[in-house]
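Below: the structure, in structure tokens.
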Amino acid sequence: MADGKPPEPLEIENRIIELCHQFPHGITDQVIQNDMPHMEAQQRAMAINRLLSMGQLDLLRSSTGLLYRIKESQNTGKMKGSDNQEKLVYQIIEDAGNKGIWSRDIRYKSNLPLTEINKILKNLESKKLIKAVKSVAASKKKVYMLYNLQPDRSVTGGAWYSDQDFESEFVEVLNQQCFKFLQTKAEAARESKQNPMVQRNSSFASSHEVWKYISELGVSKVELSMEDIETILNTLIYDGKVEMTIIAAKEATAGSVDGRVKLYRAVNPILQPTGLIRTPCGLCPVFDDCHEGGEISPSNCIYMMEWLAF
């Protein structure tokens, strides 16, 4: 975790339950490991064994190994005493998973009057069976999901949003620190005085290494995942500061996904760009859509303003 404190057992168990809801067909041990790479194997095993002993999980075998799945009977007791309309709305919300569903879509799928739906939603919220979450896609609207689910990144905006506001300064700090780490790695490789191929290979760092560095640095108030760090590293790739390669990984390699691991290294451009390429327009991906008076125009382009100021 970003603050360096080990996760509490209850926190681990709740997260495993959330993952099982996100993947109703079952999750493997590797899925749990990738989601919580900071957790030790012993902690993971203790949490899974406790959930199994409490009857909250089912243990299944598949072609890929062991699967952990939420017990189907777990939610049936919660709806005891509810009428058919309330059960229908609950089922629709449950099917939506951790991305949630608008009340308008619930109305469309249930064919119930809006007044009746609002009444059911309030009742389910009071029982703490569901919760309303504000979406970054539409600040004035709410989506509904099961109470124990962690909202999807598409709903909350992930680590880059706070109270639906994009944290541009936070992203910039992470961008700088990730690049600094890769630069240090590259400089150490050059100073090793080994042959060029060895130097090049040793200048790479995995996304797990970068994630670990950022976590230990303590610059983030929220817990960042490897996916978050890879998003930052991708921006460095787009800026031409970093390159990425993917290699095959041994089993149980930290940060590996499907037997592969992503490696990154800092690079310097061989030739400095000249002429029009130096302007923001030269590398702009929406250049063809840019025109005065449009949604994208030179007069409101922040990149052009920064370039002119420089």
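The values are calculated or read from the model by the stated rules, or taken from the named source; none is laboratory data. On a predicted model such as this, the values are computed, not experimentally measured, just so you know. With ideal geometry, Cβ positions are generated from the backbone for all residues, glycine too; neighbour counts draw on all protein chains shown. Ligands, DNA and RNA are stripped out before the accessible areas are found, and what is left, the full protein with its side chains, is counted by its heavy atoms. Shrake-Rupley method; radii C 1.70, N 1.55, O 1.52, S 1.80 Å.
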Some residue of region 184-193 being open to solvent by 70 Å² or more (accessible area, probe 1.4 Å) and of a type in the set (Val, Ile, Thr): yes
Test: residue in region 28-44 that is over 19 Å from ALA254 (Cβ atoms) and either open to solvent by less than 60 Å² (accessible area, probe 1.4 Å) or in a helix (DSSP H, G or I) (or both): no
Selected residue (criterion: modelled with the highest pLDDT) from residues of region 266-310 that are open to solvent by less than 50 Å² (accessible area, probe 1.4 Å) and closer than 29 Å to LYS185 by Cβ: ALA266
Odd one out for LYS109 among (1) open to solvent by 50 Å² or more (accessible area, probe 1.4 Å); (2) at pLDDT below 80: (2)
Check on SER168, closer than 30 Å to LEU124 by Cβ and surrounded by fewer than 17 Cβ atoms within 10 Å (Cβ to Cβ): no
Contacts under 9 angstrom Cβ, first residue in region 183-197 being farther than 19 Å from GLY240 by Cβ, partner open to solvent by 70 Å² or more (accessible area, probe 1.4 Å) and in a helix (DSSP H, G or I), 6 or more apart: ALA189/ARG200; ALA189/ASN201
Selected residue [open to solvent by 50 Å² or more (accessible area, probe 1.4 Å), within 19 Å of the chain's Cα centre (by Cα) and modelled with pLDDT of 90 or more] from GLU209, GLU227: GLU209
For GLY218: the one exception among (1) in contact with a strand residue (DSSP E or B) (Cβ under 9 Å, 6 or more places away or on another chain); (2) modelled with pLDDT of 75 or more; (3) within 25 Å of GLY157 (Cα to Cα): (1)
Region 188-244, residues that are within 12 Å of CYS178 (Cα to Cα), in contact with a Phe, Trp or Tyr (Cβ under 8 Å, 6 or more places away or on another chain) and assigned to a loop (DSSP other than H, G, I, E, B): LYS241
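With respect to LYS122, is the statement that it is more than 25 Å from LEU224 (Cβ to Cβ) and open to solvent by 60 Å² or more (accessible area, probe 1.4 Å) true? Break it down stepwise before answering.
Working: more than 25 Å from LEU224 (Cβ to Cβ): yes; open to solvent by 60 Å² or more (accessible area, probe 1.4 Å): yes.
Criteria met by LYS122.
Looking only at region 245-267, how many residues end up being part of a loop (DSSP other than H, G, I, E, B), under 24 Å from ARG153 (Cα atoms) and not hydrophobic (A, V, I, L, M, F, W, C)? Walk me through it before giving the result.
Looking only at region 245-267, we keep the residues that are part of a loop (DSSP other than H, G, I, E, B), and these are 249-256, 258-259, 267.
Adding the requirement that they be under 24 Å from ARG153 (Cα atoms) leaves 254-256, 258.
Remaining after also requiring not hydrophobic (A, V, I, L, M, F, W, C): 255-256, 258.
Selection size over region 245-267: 3.
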Residues located in region 164-214, provided they are within 25 Å of ARG260 (Cβ to Cβ) and among the acidic types (Asp, Glu): GLU209
Contacts under 8 angstrom Cβ, first residue in region 13-28 being free of Cβ contacts under 8 Å to residues at least 24 places away in the same chain, partner open to solvent by less than 50 Å² (accessible area, probe 1.4 Å) and in a strand (DSSP E or B), 6 or more apart: LEU19/ILE27
Flag for VAL136 being open to solvent by 40 Å² or more (accessible area, probe 1.4 Å), touching a Gly at 6+ places or on another chain (Cβ under 7 Å) and either at pLDDT below 85 or of a type outside the set (A, V, I, L, M, F, W, C) (or both): yes
